[in-house]
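Note sheet for the following structure.
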Amino acid sequence: MYGNGTEEKPFQISPSSLGNFLDCPSCFLNHDMKIAKKPSGPFPQLPNGIDDAMRKVMTAAATNSPPFMPPAFAAIPHLAGCIPAERDLVGPTVKLENKDHVIAPNGARFTLTGKLDELFARNKGDEQEYIIADYKTKRSLNHASKPPHEAYVRQLRCYAMVLRSKGYTVNDTALLINYYPAETLMVDDVKPYLEFTVDSVDVSQMKTAQIQTNLERMAKVVEQSFTSGTPPTKTPDCDWCSFRA
């Protein structure tokens with residue numbers, strides 16, 4: 001975790017670090033307290049490269065005068081009437097406002113952070129409503145029917161919680177925009193190399209309430225471990241816990 005728990009520098013919790021804690025508090029704290037570092041693998045460069053390219057396209061569309069939706073995104077029914085949102089919310093790290101910091105019993109502060117892949121906006125009455133989106137990959141169209149992974153759902157709910165903390169009106173449905181390689185398109189001179197499927201995720205305040213609960217639990221466990229100098233006991237069904245001496 002980054003930070004020192006103060007109001008100026010709260011402990012920063014990303015959706016992935018929250019997920020690591022929920023998977024196994026023992027492994028998470030052992031890693032963070034530099035007792036037993038869990039190994040990591042290489043970062044997937046191909047999806048990351050495609051993300052970067054898509055982000056450049058969307059930035060060009062958002063900063064055009066007037067902003068416009070690229071055809072592939074305009075064709076998504078969930079995004080009817082939308083334009084790409086302002087870019088200062090896409091890419092840079094966004095955090096909970098101070099008033100919404102999770103505070104442990106000893107006063108240590110925790111904030112939730114995130115980096116949005118994409119954000120769309122549309123007029124809703126007298127205000128703007130935002131639709132959160134995140135780019136993912138699918139191996140093929142045959143895999144498109146599988147429900148989104150729990151980690152992806154949690155990620156979008158974290159983003160919704162942060163944006164609402166900052167005063168933005170967030171649509172209760174966020175989108176996982178899944179791109180996949182279609183071999184028939186790779187020999188076509190007209191059509192793009194990528195096609196999209198879309199998964200909808202409920203990010204209503206009722207659903208994001210569990211994120212708040214998990215953050216509060218995490219704050220208490222982290223405080224107890226830092227105070228005692230001892231991480232939580234091993235988790236019985238955790239393979240990495242079983243591997244550790």
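Descriptive notes on the structure:
- Subset of region 123-143 that is basic (Lys, Arg) and touching a strand residue (DSSP E or B) at 6+ places or on another chain (Cβ under 6 Å) - its residue that is modelled with the lowest pLDDT: Lys138
- Taking the criterion of being surrounded by 15 or more Cβ atoms within 10 Å (Cβ to Cβ) and in contact with a Pro (Cβ under 9 Å, 6 or more places away or on another chain), the residues of region 198-210 that qualify are Asp199, Val201.
- Restricting attention to region 7-59, the residues being touching a residue at least 24 places away in the same chain (Cβ under 8 Å), of a type outside the set (Gly, Ala, Ser), in a loop (DSSP other than H, G, I, E, B) and surrounded by 12 or more Cβ atoms within 10 Å (Cβ to Cβ) number 5.
- Looking only at region 145-179, residues that are out of contact with any Phe, Trp or Tyr (no Cβ under 7 Å at 6 or more places or on another chain), part of a loop (DSSP other than H, G, I, E, B) and on the phi < 0 side of the Ramachandran plot come to 7 in all.
- Qualifying residues in region 227-242 (those that are among the polar types (S, T, N, Q) and exposed (fewer than 10 other Cβ atoms within 10 Å of the Cβ)) - the one nearest to Asn106 (Cα to Cα): Ser228
- Within region 77-94, considering residues that are part of a helix (DSSP H, G or I) and within 17 Å of the chain's Cα centre (by Cα), the one nearest to Lys166 (Cα to Cα): Leu89
- When the test is whether a residue is of a type in the set (D, E, K, R), touching a strand residue (DSSP E or B) at 6+ places or on another chain (Cβ under 6 Å) and at negative phi, Asp51 passes it.
- Of the residues making up region 151-170, those that are polar (S, T, N, Q) and either crowded, with 21+ Cβ neighbours inside 10 Å or in contact with a strand residue (DSSP E or B) (Cβ under 7 Å, 6 or more places away or on another chain) (or both) are Gln155, Thr169.
The values are calculated or read from the model by the stated rules, or taken from the named source; none is laboratory data. Note that the coordinates shown come from a computational prediction; the quantities given were computed from them, not determined experimentally. Counting neighbours? That spans all protein chains shown, and the Cβs are built from the backbone with ideal geometry, glycine included.
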